[in-house]
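Quick notes on the structure that follows.
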Amino acid sequence: MKFFRLLTPLLLVIVAVLCFAPVAWAFCGFYVAKADTKLYNKASQVVIARDDDRTVMTMANDFQGEVKDFAIVIPVPTVLQKEQVRVVEPKIIQRLDAFSAPRLVEYFDSDPCAPTGNTDWVDSAPAPAAARSEAGSARGDRSLGVTVEARFNVGEYDILILSAKESGGLETWLKRNGYKIPRGAKQLLQPYIRSSMKFFVAKVNLDKFEKSGYQFLRPLQISYQSPKFMLPIRLGMINATTEQDLIVYILSPQGQAEITNYRTVKIPSDANVPLFVKDEFGEFYKSMFQTVYTKEDRKVGFLEYAWDMSSCDPCSADPLTQEELKQAGVFWLDDNSPSNVPVPPSFRRSSPSSNVFISRLHVRYTRDKFPEDLMFQQTANSESFQGRYVLQHPFQGELKCQAGREYKRSLPKRFEQEAQTLAKLTNWNIQDIRNKMKLSVGNLRYSWWENFMSWLGLY
């Protein structure tokens with residue numbers, strides 16, 4: 001059975017936000033479109049809910065190919081038991097992606113000739129395996145220095161927790177047991193063995209997968225307790241021939257999370273861009289990200305979103321409910337409703353808090369620029385941030401007052417500034433941008449005498 005990325009698109013949600021106070025202008029407007037993980041061909045997604053030294057990690061699976069060929073090997077800091085592993089529905093990661101994705105918003109200029117007062121913003125239209133015999137296996141495992149610490153089944157997955165004394169033995173053991181390990185694994189496994197990490201190994205139980213009725217592999221979620229706040233990425237580079245994108249959603253009761261062993265940089269934001277970007281937002285964001293990624297020498301992590309999950313402005317999707325947050329791994333919520341998230345009893349707090357802060361980190365990595373696994377830390381910084389790009393529509397009506405004429409005279413300079421901003425963000429050709437802008441603002445109304453004066457070069 002062939003199947004592709006398990007995450008399916010969400011419908012665009014157009015939210016009208018009413019703005020009154022000028023100081024609130026920075027985060028009001030209409031949500032138009034979002035730049036989510038569907039923009040990238042190879043975007044891995046990981047959700048990390050962490051408080052103190054307790055972690056619940058959810059890993060989305062974007063495996064492409066035959067289900068029988070699927071296998072993952074993930075370094076973990078401790079031996080996991082069956083109750084610490086579960087499968088979850090992909091919708092939870094879809095919801096986090098939609099909620100935190102960089103977004104395009106739009107405003108409409110008011111009539112400069114109208115009496116001043118509160119401004120009402122008008123809504124806009126939406127943009128477009130069978131287990132092997134165990135006889136004699138223990139002896140062979142010991143000869144390779146590999147110990148099976150735990151063996152169990154969760155959902156459609158057969159899970160092993162392994163420890164090893166040396167990488168060559170682990171590589172040989174995995175190959176003997178039917179795991180298709182790519183070349184170069186031995187070198188990358190060795191640092192994890194030296195640091196006494198264990199290995200979470202999963203492959204599909206074909207019988208259970210067929211009986212489940214699912215058409216895709218569901219995300220795996222693991223719970224563990226460790227002072228290490230990290231995400232192993234080196235094993236994912238073994239067969240990589242191109243840059244890989246990783247989106248990490250970190251949920252915390254405190255504030256923003258950041259990468260400690262690489263710089264964390266905010267993505268460019270709050271830029272006014274030409275109107276035609278509404279129809280090209282995906283290409284715009286990919287070009288902008290590549291531009292700033294190159295500018296930063298391809299070795300930083302980018303913060304795309306940071307916000308208290310109880311609200312959003314503008315909202316590209318509704319905030320997650322408490323039950324959805326629990327499904328995403330948040331174990332410190334303080335309501336009394338039951339949850340079916342099986343976290344260890346030690347995870348439950350004596351003085352629970354309902355605070356949930358999300359940090360969306362985007363890392364594009366290669367083996368030469370990211371030689372180390374990602375190390376994180378939580379901070380007390382609760383400042384809100386979002387990748388946000390603004391369309392500002394000029395007023396289209398006829399203007400007969402002095403303020404209206406001054407407003408029209410200011411527009412060419414504004415349009416040129418938008419063109420320059422877009423060229424700087426994306427490295428797109430400035431003349432191509434200007435040509436597209438003429439089409440997007442071509443219906444701006446001028447009176448006959450303004451057109452005549454403009455033709456004479458006097459207006």
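The values are calculated or read from the model by the stated rules, or taken from the named source; none is laboratory data. Just so it is clear, the structure is predicted and the values come from calculations on it, not from any experiment. Cβ placement follows ideal geometry from the backbone for every residue including glycine, while neighbour counts extend to all protein chains displayed. The accessibility values were calculated without ligands, DNA or RNA, using every heavy atom of the protein model including side chains. Shrake-Rupley method; radii C 1.70, N 1.55, O 1.52, S 1.80 Å.
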Could you compute how much accessible surface Ser223 exposes when probed at 1.4 Å, giving the result in Å² to the nearest 10? 10
Just by accessible area at a 1.4 angstrom probe, what is the order of Tyr214, Tyr262, Tyr157 from largest to smallest? Tyr214, Tyr262, Tyr157
Ser143 accessible area, assembled protein chains, probe 1.4 Å, Å²: 90
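Largest first, how would Ser212, Ser316 line up by accessible area (1.4 Å probe)?
Sorted descending by solvent-accessible area, the residues read Ser212, Ser316.
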With every protein chain present, what accessible area does Lys68 have (1.4 Å probe, heavy atoms only), rounded to the nearest 10 Å²? 130
Please work out the C-alpha center-to-center distance from region 167-240 to region 350-415 and express it in whole Å. 36
All other residues with a Cβ under 9 Å from the Cβ of Leu104 taken together, and with Lys, Arg as +1 and Asp, Glu as -1, what is their net charge? +3
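Which trypsin sites (Lys or Arg not before Pro) does region 288-330 hold that lie in a coil by DSSP with at most 15 other beta carbons within 10 Å?
Passing sites in region 288-330 are Arg298.
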For region 209-225, list residues with backbone N below 18 Å from a point placed 7 Å from the Cα of Asp52 toward its Cβ? 223-225
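Quick one: net charge of Glu280's neighbours, Cβ under 12 Å, K/R +1, D/E -1?
Net local charge, Glu280 excluded: 0.
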Net charge contributed by nearby residues that have their C-beta within less than 11 Å of Gly255 (K/R +1, D/E -1): -3
5 angstrom amide H check on Val76, placed H, neighbours 5+ away: Lys198, Phe199, Phe200
